[in-house]
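Written out below as structure tokens is the structure these notes cover.
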Amino acid sequence: MTEKLIALLRSNGHKITPQRRAVIGALLACGHFVTAQQILDQVKKTHPDISLDTIYRNLGLLIGLGAVAEIRTPNRGGNLFEVLTADHHSHLVCLTCGRAKCLPFCPVQSSDLAQAGVDGFTITSHSLEFYGYCQECQASAEGENRPCCPK
């Protein structure tokens, strides 16, 4: 997968720097859903002078190329990043713990996308996250009076 991402960068005219290789390696090594801070911690093992800004710039580049998805996690310390290796899918995101889970399907139909593409607007991609509470957070909150809309 590393070489596939590097080939994608090269084919789009981007340089392959040691820091960029390290970010890609850390992104793949850290697991399915990873924060920018986790990537930074991993990369610092081999590149101690790398900055969080460099991590975000490289993640932004990979997102722009369609190789990485950013999953917004409201009320958490940072968003999650996922290397896109399979077909398009959506996510469930827990508002309490911030954990994300992939849905094995996309609930948006192609006819919905065609209908949304009005006035000459061409839809090239979309992302969809469902926010709520995972089983563990629901169980730990039983008996508590949780507001319906988190602050």
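Rule-based calculations on the coordinates, nothing more; no lab input. Quick caveat: nothing in here was measured; it's all calculated off a predicted structure. In this analysis, Cβ positions are derived from the backbone assuming ideal geometry, glycine residues included, and neighbour counts consider all displayed protein chains.
Observations
- Scanning the range 77-85 finds no residues that are among the charged types (D, E, K, R), exposed (fewer than 14 other Cβ atoms within 10 Å of the Cβ) and at negative phi.
- Within the range 106-123, the set of residues being in contact (Cβ under 8 Å) with a residue 12 or more places away in the chain and among the β-branched types (Val, Ile, Thr) comprises VAL108 only.
- Every residue from the range 109-123 that is over 17 Å from HIS89 (Cβ atoms), outside any helix (DSSP H, G or I) and of a type in the set (S, T, N, Q): THR122
- The single condition among (1) in contact with a helix residue (DSSP H, G or I) (Cβ under 8 Å, 6 or more places away or on another chain); (2) exposed (fewer than 14 other Cβ atoms within 10 Å of the Cβ); (3) of a type outside the set (Phe, Trp, Tyr); (4) under 17 Å from LEU5 (Cα atoms) that GLY64 does not meet is (1).
- Neighbours by Cβ (under 6 Å, 6+ apart or cross-chain): first from the range 1-27, free of Cβ contacts under 8 Å to residues at least 12 places away in the same chain and assigned to a helix (DSSP H, G or I); second surrounded by 12 or more Cβ atoms within 10 Å (Cβ to Cβ) and of a type in the set (Ser, Thr, Tyr): none
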